[in-house]
Every structure is written in C-alpha cells, then in structure tokens.
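Visitor: Sharing a structure below in structure tokens format, with a few things to ask.
The values are calculated or read from the model by the stated rules, or taken from the named source; none is laboratory data. What you are looking at is a predicted structure, and each value in this text was computed from that prediction instead of being measured. Please note: Cβ atoms are built from the backbone with ideal geometry, for glycine as well, and neighbour counts cover all protein chains shown. To get the accessible areas, we keep the full protein, side chains included, count just its heavy atoms, and leave off ligands, DNA and RNA. Shrake-Rupley method; radii C 1.70, N 1.55, O 1.52, S 1.80 Å.
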Amino acid sequence: MKPTLLPRLCLLFLAAALFLTGCGKSKAEQAVIEELDLIKELDEETITSFVSYEDMVHSGTSVSEIGPETTEAVQLFFKNFDYKILSCEIENDIAEVTVRITNLDMQSLAKDLCLELTRRSANPLEETSDLSMNDYFSLLGKVIKENSYKILSTDAVFETAKLPDGSWTIQNTDSLEDSLVSGFLTYLHDPYLLTPEEVLTATFDYFLDFTPENWITYLDMNDIFSTGSSISDEIDLELANQIAGFFQYEIEGSSVQGDSAQVTVSITSLDLSSVLESYRKKLLEYASTTEAVRATDSELAEKTAQILYTCLQENDASASHSLTLSFDNNGSSWEMSLDSAFTNAILGDLVGAVEVFSGENETETDTDLTET
C-alpha cells in the first residue's frame, strides 16, 4: 500500500523545497520569509504547473491527467500552514535561520491516509497499485476533509549561503524538505506507523460493508458446493448473502516479535453445520419418496440443489470461529496473511461442516444397508 503511494506524494511535497531558490534579497532572513510566503499563498496555477512537470518527467503522465482533486488536496494540506522566524545566526557567508512551522498534525494525517489505503486494498473492485497521481491526491483530500486535526508546531532550520552578488540562496536538504511538511514524509515512511491490530481493523471494518456480490468476487465463488445445477449461481449468492448478514469480528489478543506478529480474532459468520444438518434431514425425507426413486441423475442434481438453496434461505443460525492471523513487516508496513483458515471461517467452517455432514451420511447409509 504505502510503497506505491510514497513516490507520488514525495513528488509534490518536495515542491515546497523547489520554491526555495533564493530571491535576491540582501538578508538571509528575508530570503526565507519570501519563500515561505510562496507556500502560504499557493495558488492553483502554481500547483498545477509543478505537478504537471514533475509527473510528466517521472511517470509519463500527461497534463490532461492532472485533475482539480490534486490541487484541492495540496491547498487543503497547506491551508493552515504558517510560520514564525525564531532566530537567524550568520557566520561569514553562511546563515542558519530557525523557523517555527505551524500546520496539521501530520502524524495523525499520515496514519489516517495509510488506514484509508488499507481499506481500499480490501476492496475486490479496487486496484491500489494502479492508482494515478490524481487518485492518490484525491484520497488525501478526502481524508483531510473527513477528519479533524490539531494544529501543531514544529521547528525547521534553513541553511542559507551568500552568493557573490550579495544575494542569499537556501540550501535544499532532506531534513528541510521533511520539516516543511512537519515530518509528513517521515511518518509515511515509518513501517510501524500502523500496528497489526490497526491494519486488521481497517481491513475487517471494510468487510463489514461488503455486499453479497463483493463477497462472491472476494472469495471467487463459482458453484462453491459443486452442485453442477442450473441454480448454482443463486446458491452462491444466497451463501454470500448469509456471510454479509452475519459477518462480525472481535480481536482477542495480539503479540509482536520483531518484524513478525500474530493477532487472534474471532470471526462470526453463518453456522454452516446447521445449514447442512437441515439439508441432510431434507435429503433423507426426499430419498424416501417415489419421486426420488424415479428421478434421473440430472433431476436428482437439480432437486438436491434446490433443497440446499432452501436450507440456506431458511438459516438463521450463526457461529464464531477463533483463528490466529500472521503479520510480517516488509520494511514499509505490516502485511496481513489471509490464508485458507480465514476463508474457511468466513464460509462458516466449510471444511468442518462438510466433514461432519459426510460422516453422518456414511453412517446412516451403512445403517440403512444393514437394516435392508
């Protein structure tokens, strides 16, 4: 998530540093004031011009692909930007100007942005790796508009040098670039900005809003019960409807060891064992009818599929299953592994339910044969 975001964000926020080119003033302090005023007065034309140039150079994006969302996001980002000169120390032709920068709480903003990207990665219809620069900044603007942030102050040191003509120029450094955005870039680069629990919560909260169609896409359902019937799609949809209706989760505990972590979570979904128990009883009832004896293989397949569909529709039982999810920190963020155990829990313990169902069927079949 964050690896694809950072290069694009850095392009724009380094714009602040590119404004710092010196303005021909005789005093180092005045040179800094002139340049910081440019940031306070960012207009749409200036932002669009910079973004268009940088994006074309670094990613091949055309000017037409830079939308108003990008400029709006940057304006929101710097809306509360202010500064105060604290000191100016000059020694020979070198000066250090210390400035107090005031802006949004950038740690909180960076965390909210990364949480939003985590949620988007859970969307089966979204491909975060293919987001354009405009998409990313649109997301940044959305996060700023939907949240409230404290206004905090941080200090930045401007290193300036006197040129032969008497003017002063500001020396661009990595620390200055980050200081101008109150540490925002550092926070985005922090692989531990989000905890494993926060990554899980952001993802699972998104699952809470999944539609049945979302679950079908996410779980790649395609005749999941292998009925081979004409209503297999309807069965998949009803199963997904049950999942969407019952899904809940609760974090039970977590542990972190270095760059590895585990989070234990209880997942509530439909009780598939209950569904298959009802299905088994209805199958036995059907098996005792003359219709079942006379039915062809295709008719049997359709009838049994219909019985299963009815059992899913009638189900009102849920069950919770506890599982432990693994996390690895890849140097950029915590990555959560959603393996087959997670899928099985979402499906109401499909594996266990089928095993019980198959075992009961075999036992009753043996009993019937013995009685016969």
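Visitor: I'd like to check one number: the per residue accessible area of region 86-162, probe 1.4 Å, reported in Å² as a whole number.
Guide: Details: 3760 Å² over 77 residues.
With the other protein chains kept in place, region 86-162 gives 49 Å² per residue.
Visitor: May I pose another question? Using a Förster distance of 25 Å, how high is the FRET efficiency between Glu34 and Ile151, based on the Cβ-Cβ distance and rounded to 0.05?
Guide: Details: r = 24 Å, r/R0 = 0.95.
Using R0 = 25 Å, I get an efficiency of 0.60.
Visitor: Right, another one. What's the center-to-center distance, using Cα atoms, between region 280-325 and region 207-253 in Å?
Guide: 17 Å
Visitor: Assuming 0.36 nm per residue, please report the length gained on full extension of the stretch Gln313 to Arg294 beyond their Cα-Cα distance. Walk me through the numbers before you get to the answer.
Guide: Values: separation 19, 0.36 × 19 = 6.84 nm, distance 2.71 nm.
Full extension of this stretch gives 4.1 nm more.
Visitor: Mind giving me the nanometre distance, one decimal, between the label points for Glu250 and Asp93, set 7 Å out from Cα along Cα→Cβ?
Guide: 7.1 nm
Visitor: Something else: Between Ser320 and Tyr206, what length comes free when the chain is fully extended (0.36 nm per residue of separation minus the Cα-Cα distance, one decimal in nm)?
Guide: 39.2 nm
Visitor: Continuing with this model, one more query. Contour minus end-to-end for Asp165 and Thr102, with contour as 0.36 nm per residue of separation and end-to-end as the Cα-Cα distance?
Guide: That pair, Asp165 and Thr102, stretches by 19.4 nm at full extension.
Visitor: Cut-off 18 Å, label point 7 angstrom out along Cα-to-Cβ of Ile85: give me the residues of region 134-178 whose amide nitrogen falls inside.
Guide: Within reach of a label on Ile85, which here means backbone N under 18 Å from a point 7 Å along Cα→Cβ, region 134-178 contributes 155-163, 166-171.
Visitor: Setting aside same-chain residues fewer than 8 positions from Lys84, which lysines have a Cα under 24 Å from its Cα?
Guide: Lys25, Lys27, Lys40, Lys150, Lys162
Visitor: Would you mind getting the accessible area per residue of region 277-317, heavy atoms of the protein chains only, 1.4 Å probe, in Å²?
Guide: Working: 2550 Å² over 41 residues.
Using a 1.4 Å probe on heavy atoms only, each residue of region 277-317 averages 62 Å².
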